[in-house]
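A quick write-up on the structure given underneath.
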Amino acid sequence: MNRLTKYLSFCWVCTLLFSCYNKTGQEKNIFHYNEFSGIPTLDPAFAKSQATMWPAHQLFNTLVEIDDSLHIVPSLARRWDISPDRIIYTFHLRRDVWFHDDPAFPEGKGRLMNAQDIVYSLGRIMDKQVASPGGWIFNRKVDTLQPFLALNDSTFQLKLLRPYIPVLGILSMQYCSIVPKEVVEYYGNDFRRHPVGTGPFRMLTWEEGQALVLKKNERYFEKDSAGNRLPYLDGIKVSFYDSKATEFLLFRQKELDFINDIEASFKDEVLTKKGTLRKDWEGKIGLIAGPYLNIEYLGILMDTANPLVKNAPLRFRKIRQAMNYGFDRRKMTLYLRNSLGTAAESGFVPLGLPSFDSVLVKGYRYDPEKTKQLLAEAGFPGGKGLPVIKLLTIAIYADMANFIAKQLEESGIPVQVEVVQKSLLLDMTAGSRAAFFRGSWIADYPDAENYLAVFYSKNPAPPNYTRFHNPAFDALFEKAIAETNDSVRYSLYRQADQLMINEAPVIPLWYDKAVRLVQPDVAGFKANALNLLELRTTRFLRKSTAD
């Protein structure tokens, strides 16, 4: 059977299975959610957004993962050893992990995963021809000659250039998902539509812009404490309605099992200003909220060689500091976020990480008099002579941007809000074509290094969108990531965070909360600080569900 015949046969089987999913949906446990922003790819090497990370987490596994308590725990690796000099990490792999069935394999049957798959997958991220947006994660960290080595089928070795304590966190990222070489080569660029991994669910069908359907992986290796094989669900169906109003309506009609976050236009309908459910919703839906390792901020381009910065007022530190003092974060979080978050009055490292300390890292609080003082010291008393500063944002943050602009204007800082498409804003920030922009940074792993790397001068954009460059900061950062003593490392993180905040290349807005509305018959569905969609242990309390 040639490749084309095999592929057409596989497509026919998928169509048949998808049809069965619809016809016998009432006998299935299918979890439904909507992806408002769409899914551009299912290739984990390009899992740079939450929209892509969520399905990647269902389809693939990594060597290690983060548990609900933000600890590094085994996944594909049963255990690992670290050499005394903390340069070599040796991982001992599970031998009961199978790749999903796919036409790319002989007779369409998935094979056992082995250490060579780890070598290939991690090396692929660094391959410039692949052009993974996660290519930076191993920059100046791993050995330049032989960073990844398969000692045998069940033993993988990673070699660092120097001690780098957060490396296990790096390996838990979706970028580091394990893929089979022969399948990637079989599909080429089309692997984005034909993902094959070892995860709890496998690909069934994907009609882009319409629906993505994943099916339970019957050979998944994990079991619960009673010995039952995971996952409990039979499948997952993702829709792609691009209207938050439609998404909310479908949730109310029980067509969706949960929605992530709550759009501003109906927050007040569902939540009190304190962030709790209103009485008329109690018992009808569930609210799951918890710390979310995400910071929302406004970024300021710092590259003085850039024409956008050369003569712009934001090149002055006192102007940047004045803007940080010039609006009320607490009021904004209360009225525009219904208390779903904490005003970011410390550093860039958010609430929820062990190194966070709002006493030791001092940020900015609303102080209009301080704003006026700094403006005068910068040579713009009362804002006189200050040109209009353009703030780029996306539509869902327009209210927030306008709130900030209004308060800054009251202190003499003229800000013009310009709403652009998300894809355009990402392209502009990556290309240093946005002088003042709205941004956010979601933790890839629970270590302050992940946030401070955003300002490390040797990093490209992403993650260093502001092009911040400060030798003293770099020295603290480099010292911290090599430090094995947690207390000492946290102290260095705080020093670096404080130094950066004083220079003000960003205006922190709020430390986020993960907020989910969920149907009352969904069990085993938990929020986590990384806001990953965790469905391995999710089940329905009802006996059946309609598709």
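If I filter the stretch 296-309 for residues that are under 30 Å from VAL454 (Cα atoms), surrounded by 17 or more Cβ atoms within 10 Å (Cβ to Cβ) and not assigned by TED's automatic domain parsing to the domain that holds ALA378, do I get at least one hit? Within the stretch 296-309 (the criterion being under 30 Å from VAL454 (Cα atoms), surrounded by 17 or more Cβ atoms within 10 Å (Cβ to Cβ) and not assigned by TED's automatic domain parsing to the domain that holds ALA378), the answer is no, since none of the residues qualifies. On inspection, PRO163 passes the criterion of being touching a Ser or Thr at 6+ places or on another chain (Cβ under 9 Å), in contact (Cβ under 8 Å) with a residue 60 or more places away in the chain and surrounded by fewer than 17 Cβ atoms within 10 Å (Cβ to Cβ).
Residue-by-condition table, conditions (1) closer than 17 Å to PRO505 by Cα; (2) in a loop (DSSP other than H, G, I, E, B); (3) without any contact (Cβ under 8 Å) to a residue 60 or more places away in the chain; (4) touching an Asp or Glu at 6+ places or on another chain (Cβ under 7 Å):
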{"residue": "ILE288", "(1), (2), (3), (4)": "no, no, no, no"}
{"residue": "GLY299", "(1), (2), (3), (4)": "yes, no, no, no"}
{"residue": "THR304", "(1), (2), (3), (4)": "yes, yes, yes, no"}
{"residue": "LEU314", "(1), (2), (3), (4)": "yes, no, no, no"}
{"residue": "ILE319", "(1), (2), (3), (4)": "yes, no, no, no"}
{"residue": "MET323", "(1), (2), (3), (4)": "yes, no, no, no"}
{"residue": "PHE327", "(1), (2), (3), (4)": "yes, yes, no, no"}
{"residue": "LEU334", "(1), (2), (3), (4)": "no, no, no, no"}
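Each residue in the stretch 81-111 was checked for being free of Cβ contacts under 8 Å to residues at least 40 places away in the same chain and either hydrophobic (A, V, I, L, M, F, W, C) or outside the structural domain of LEU158 (by TED's automatic domain parsing) (or both), and 1 pass. Among residues of the stretch 517-542 that are closer than 18 Å to SER49 by Cα, those with a Cβ under 7 angstrom from a residue that is among the basic types (Lys, Arg) and assigned to a loop (DSSP other than H, G, I, E, B), sequence gap 6+ or separate chain, pair up as GLU534/LYS526. Somewhere in the stretch 126-148, is a residue at pLDDT 95 or above, surrounded by 15 or more Cβ atoms within 10 Å (Cβ to Cβ) and over 27 Å from the mean Cα position of the chain (by Cα)? The answer is no; no qualifying residue exists.
State which residue is surrounded by the fewest Cβ atoms within 10 Å (Cβ to Cβ) when the search covers only the stretch 261-280 and only residues that are of a type in the set (Lys, Arg) and in a loop (DSSP other than H, G, I, E, B). Spell out the reasoning first.
Just the residues of the stretch 261-280 that are of a type in the set (Lys, Arg), to begin with: 267, 273-274, 278-279.
Cutting the leftovers down to in a loop (DSSP other than H, G, I, E, B) gives us 273-274, 278.
Details: LYS273: 12, LYS274: 9, ARG278: 11.
Here the answer is LYS274.
Got a sec? Which of LEU476, LEU452, LEU391, LEU386 is part of a helix (DSSP H, G or I) and either β-branched (Val, Ile, Thr) or closer than 25 Å to LEU308 by Cα (or both)?
Step by step, each of LEU476, LEU452, LEU391, LEU386 is checked, and only LEU452 is part of a helix (DSSP H, G or I) and either β-branched (Val, Ile, Thr) or closer than 25 Å to LEU308 by Cα (or both).
The values are calculated or read from the model by the stated rules, or taken from the named source; none is laboratory data. Quick caveat: nothing in here was measured; it's all calculated off a predicted structure. Ideal geometry is used to build each Cβ from the backbone, glycine not excepted, and the neighbour counts take in all protein chains shown.
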